[in-house]
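A short write-up of the structure that comes next.
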Amino acid sequence: MKVCHVITSLDIGGAELVLYRLLSAQLVSAKDISVISLRPEGVLAAKLREAGFKVYSLNVSGLFSLVFAIGKLVKLLKVIKPDVVQSWLYHADFITSMSSFWLQNIRYVWGIHTCQLPKGKPATWLIMKCCAFLSYRVPDKIVCVAQAAQQLHVRSGYAADKITVIPNGFAVSEYAPVPDLRRALRRELQLPLSAVTVGIIARWHVDKGQDVMLQAIQSVQVANPEVTFLFVGRGCDADNKAMTRLINACPYPEKILALGERSDIPALLNAIDVFCMPSRTEAFPLALGEAMCAALPVVATNVGDVEYMTGNLVTLANPADSASLAECLSSVLANSAEYRAQLGQNLHKRVSEHFSIDQMVKRYQRLYTSLQN
């Protein structure tokens, strides 16, 4: 079976990484898989090519060029001749739907990776509403990564009977704790091995809630002045003036390190003791799942499918509520190291049993096979 994946971009992002991991873990031949990026090629394009996959780009740079990209996609799909076209995110769902009117004998699968309707993006909102209308006509199946995403899009007018949920999967073994890595990262960051460290890993964005986290830290530091906080992600660095102001407002700003974007996340997870996710919105957050793979105790907001992911093992904070977040984090820090280690092991068991990469691959393969049959 030949499958063609169409995605908005191949830069580093949630859906993009899920696609990359899905393809990397599949047992099917790479010659039967192709990937089309709407935007100019991102960093994942080279990695996919190295793995043997065919990668193409439509070089879309704006809404106007999206119209011309439909013709390009039609021509490309006529050459590739896939059995299934799997699209990822609204723009890709829309453009594959438009191309379907000129193509035959192809099964279409859409992908939805958000639990938040587009705000402040009228063009994206319009495309989403068009997709809601087209959902009754074009796709054979619509894959949501979270139950919350399914519920939101049914309320928004999507065809409920076509939607299925396939949670993101994680390569659990890649994040296993390694004592040598912990020592090496602690040396690099000039942190004692015994220092309790809280990690926040996400690009700087209002949805990711770093501002809420820094407000929570102001009260958490009163009782925990010895705890170090590590912010990791694009935009979390000294050049971020808004972040710097919030850090300087904390009682112990020297205990807050903004490390910026890093590519060694599996190693970095070894260096922290507690993972915190203060997001205002998520669907099925990768960073949280990776922390669970690393057997870390987590503090998180109750957004998207986080409650389902964590299996009621942790008390979740209210989103955009610094007092609630501070209370949850303070509770975890007040417990013993043994308690935190056991919580981390329980979360590791949860992700291993329910959200492994192998389970995700099998679910997608079953879906594609059912469409072919």
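Since every read-out is calculated from the coordinates, none of them should be taken as a lab result. Because the structure is a prediction, the values reported are computed rather than measured. Using ideal geometry, Cβ is built from the backbone for each residue, glycine included, and neighbour counts are taken over all protein chains shown.
For the reader, a short list of remarks on this structure follows.
- Using 0.36 nm per residue and subtracting the Cα-Cα separation, the extra length available between residue 171 and residue 346 on full extension is 61.3 nm.
- Average projection area in nm² (convex hull over Cα atoms of segment 18-136, one quarter of hull surface): 7.8 nm²
- Considering only 64, 170, 229, the Gaussian network model of the chain with Cα springs below 10 Å gives its largest mean-square fluctuation to 64.
- Directionally averaged projected area (convex hull, Cα atoms, segment 154-243), nm²: 9.9 nm²
- Descending semi-axes in Å of the chain, equivalent ellipsoid built from Cα gyration tensor: 38, 21, 19
- In segment 172-354, the convex hull through the Cα atoms has an average projected area of 9.1 nm², a quarter of its surface area.
- FRET E, pair residue 43, residue 223, Förster distance 41 Å, beta-carbon r, rounded to 0.05: 0.50
- Per-residue Cβ neighbour rank within 10 angstrom, fewest leading, 363, 245: 245, 363
- For residue 203, the residues 5 or more places off, or on other chains, whose built amide H falls under 5 Å of its own are 234.
- Less than 5 angstrom separates the built amide H of residue 144 from those of 112, 164, 165, 166, all sequence-distant by 5 or more or on a different chain.
- Around the amide H of residue 107, modelled in the peptide plane, lie the amide H atoms of 84, 85, all under 5 Å away and 5 or more residues distant in sequence or on another chain.
- Per-residue HN-Hα couplings for segment 198-206 [Karplus 6.51, -1.76, 1.60; θ = phi - 60°; Hz; x = Gly/Pro]: 10, x, 10, 10, 5, 5, 6, 7, 4
- Likely footprinting exposure, 353, 307, fewest C-beta neighbours within 10 Å first: 353, 307
- Calculated mean residue ellipticity, 222 nm, the chain: -13500 deg cm²/dmol, from DSSP H runs (n ≥ 4) at -39500 (n - 2.57) each, averaged per residue and rounded to 500.
- Once the gyration tensor of the Cα atoms in segment 290-373 is diagonalised, the equivalent ellipsoid follows with semi-axes of 32, 16, 7 Å, ordered largest first.
- Exposure proxy ranking for 232, 6, based on other Cβ atoms within 10 angstrom of each Cβ and starting from the fewest, stands as 232, 6.
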